[in-house]
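Quick notes on the structure that follows.
The values are calculated or read from the model by the stated rules, or taken from the named source; none is laboratory data. Please read these numbers as outputs of a predicted model, since none were measured by experiment. Positions of Cβ are backbone-derived with ideal geometry, glycine not excepted, and every protein chain shown enters the neighbour counts.
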Amino acid sequence: MAPFDPAAPAVAGANAPILLDLTIDNITPNTIRINSQSANARLTYLMSRLVTHLHDFARETRLSTDEWMAAITFLIGCGQISNDVRNEFILLSDVFGLSLLVDNINHPKPPKGTEGSVLGPFHTHDAPVLPNGSTMTSDPAGEPMLALCTVTDTHGAPIEGVRIDIWETDSSGHYDVQHADREEPSERCVMVSDAEGRFWFQGLKPVSYPIPHDGPVGKLLQQLSRHCWRPAHVHFMFGKDGWDRLITALYLRGDPYETSDAVFGVKQSLVIDLDKVDKETAEKYGVKEGIWLLRHDFVLTTQEDTEKLRDRLATEALEKLGLRMKLIDHLPIPDLD
């Protein structure tokens with residue numbers, strides 16, 4: 001590909017509108033016009049709505065130059081503190097409630113399906129694949145927990161061969177990637193459901209913990225007089241061809257932050273109680289009697305059923321807004337026909 005030459009004629013934009021004498025009132029339609037030359041209808045629509053809402057926000061708030069620059073500096077700071085194991089932009093999306101909103105829009109669940117939750121900024125792709133019954137923690141200070149889980153469809157039939165990512169913090173409330181001396185993954189693993197849809201593992205009783213608050217997002221929460229704590233939970237992500245990917249978590253009932261999660265991830269259906277392992281269960285799974293026990297049945301929905309539900313909900317929502325739209329690949333664009 002030839003390097004960009006700023007002196008070359010702007011062939012692609014040769015028919016662009018003339019942008020002169022722009023004012024508070026006409027800057028928005030002109031920006032939308034010049035952004036509407038792409039053959040990608042979805043991109044054109046996204047940019048149109050983004051510009052509209054951004055400009056309306058600036059006009060409505062009478063955004064000051066200092067505030068505008070503070071916002072840009074904030075975003076620069078988010079980029080500077082992000083790295084391979086920490087994504088400040090995902091954290092920002094989380095604390096704004098955007099992550100959960102996007103998941104709810106794209107992965108709606110029927111009444112029997114397990115609801116989704118936020119991915120969070122600390123999922124990795126290096127978790128080891130472990131056989132059922134394995135221990136995924138190396139933390140001797142935590143309270144041991146046995147988790148016995150199943151994966152079924154909405155009719156109760158077991159689903160074999162589902163890949164399940166599982167991750168949680170250690171007993172200090174830190175993910176392994178937050179430790180500078182991390183040498184290998186800990187408190188995380190990948191398992192595969194068996195012929196009866198079962199998977200089971202040994203981990204730790206989850207603990208409450210603060211989200212990273214040493215960066216721009218943490219400082220923002222302080223200015224908003226918001227706390228930075230998440231209730232105790234374990235993350236799960238389910239994937240198999242033909243099934244809608246499920247990103248979710250299970251939260252401990254009674255946690256002090258159960259109703260004020262800093263990233264809005266808690267849903268009532270995902271709040272659980274822990275039991276204690278009895279003698280029979282201890283002998284069956286080779287663990288100590290009396291340790292914590294997590295039991296849960298996860299229910300997946302098919303890709304087809306999820307897409308149908310997503311399309312129906314999108315159509316209903318757009319009609320309520322009075323928008324004339326059509327869906328292409330399950331995404332709305334203006335219906336200009």
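Of note:
- Any pair with Cβ under 9 angstrom, 6 or more apart, that starts in the stretch 308-337 at a residue that is closer than 27 Å to Trp243 by Cα and ends at one that is part of a loop (DSSP other than H, G, I, E, B) and basic (Lys, Arg): Leu309/Lys109; Leu318/Arg324
- Unmet criterion (only one of (1) of a type in the set (S, T, N, Q); (2) over 28 Å from Ile159 (Cβ atoms); (3) touching a strand residue (DSSP E or B) at 6+ places or on another chain (Cβ under 6 Å)) for Ser225: (3)
- Condition check for Ala141: of a type in the set (A, V, I, L, M, F, W, C), within 28 Å of Gly286 (Cβ to Cβ) and modelled with pLDDT of 95 or more: yes
To keep it simple, each residue is scored yes or no on (1) hydroxyl-bearing (Ser, Thr, Tyr); (2) touching a His at 6+ places or on another chain (Cβ under 8 Å); (3) modelled with pLDDT under 95.
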| residue | (1), (2), (3) |
| --- | --- |
| Ser193 | yes, no, no |
| Gly197 | no, no, no |
| Lys205 | no, no, no |
| Ser208 | yes, no, no |
| Asp214 | no, no, yes |
| Leu221 | no, yes, no |
| Pro231 | no, no, no |
| Asp244 | no, yes, no |
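- Where helices (runs of 4 or more DSSP H) fall entirely within the stretch 14-103, those with at least 3 residues that are at negative phi and touching a strand residue (DSSP E or B) at 6+ places or on another chain (Cβ under 6 Å) are at 41-61.
- Condition met for Arg42 (closer than 28 Å to Asp329 by Cβ and touching a residue at least 60 places away in the same chain (Cβ under 8 Å)): yes
- Counting only residues that are β-branched (Val, Ile, Thr) and over 25 Å from Leu274 (Cβ atoms), the stretch 104-158 holds 4 of them.
- For the stretch 97-104, the count of residues that are touching a Gly at 6+ places or on another chain (Cβ under 9 Å), among the charged types (D, E, K, R) and over 14 Å from Gly218 (Cα atoms) is nonzero.
- Where Asp153 falls short, out of the listed (1) over 19 Å from His233 (Cα atoms); (2) of a type in the set (Asp, Glu); (3) free of Cβ contacts under 8 Å to residues at least 40 places away in the same chain: (3)
- Residues that are of a type in the set (S, T, N, Q), surrounded by 19 or more Cβ atoms within 10 Å (Cβ to Cβ), touching a residue at least 24 places away in the same chain (Cβ under 8 Å) and more than 24 Å from Pro185 (Cβ to Cβ), drawn from the stretch 70-114: Thr114
- Selection from the stretch 124-148 of residues that are touching a residue at least 60 places away in the same chain (Cβ under 8 Å), closer than 15 Å to His235 by Cβ and either surrounded by fewer than 20 Cβ atoms within 10 Å (Cβ to Cβ) or touching an Asp or Glu at 6+ places or on another chain (Cβ under 7 Å) (or both): Thr124, Ala127, Met136, Thr137
- Checked against the criterion of being more than 18 Å from the chain's Cα centre (by Cα) and part of a loop (DSSP other than H, G, I, E, B), the candidates Gly265, Gly254 yield just one match: Gly254.
- Residues (within 30 Å of Pro144 (Cα to Cα) and not in a strand (DSSP E or B)) located in the stretch 289-337: Glu289, Gly290, Ile291, Leu300
- Matching residues in the stretch 251-265 - criterion: being under 14 Å from Val234 (Cβ atoms) and either hydrophobic (A, V, I, L, M, F, W, C) or surrounded by fewer than 17 Cβ atoms within 10 Å (Cβ to Cβ) (or both): Leu252, Arg253
Conditions tested, residue by residue: (1) on the phi < 0 side of the Ramachandran plot; (2) at pLDDT 95 or above; (3) among the aliphatic types (A, V, I, L, M).
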site	(1), (2), (3)
Val263	yes, yes, yes
Val271	yes, yes, yes
Thr281	yes, yes, no
Lys284	yes, yes, no
Leu323	yes, no, yes
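- The residues on offer are Asp5, Asp56, and the sole one that is among the charged types (D, E, K, R) and modelled with pLDDT under 85 is Asp5.
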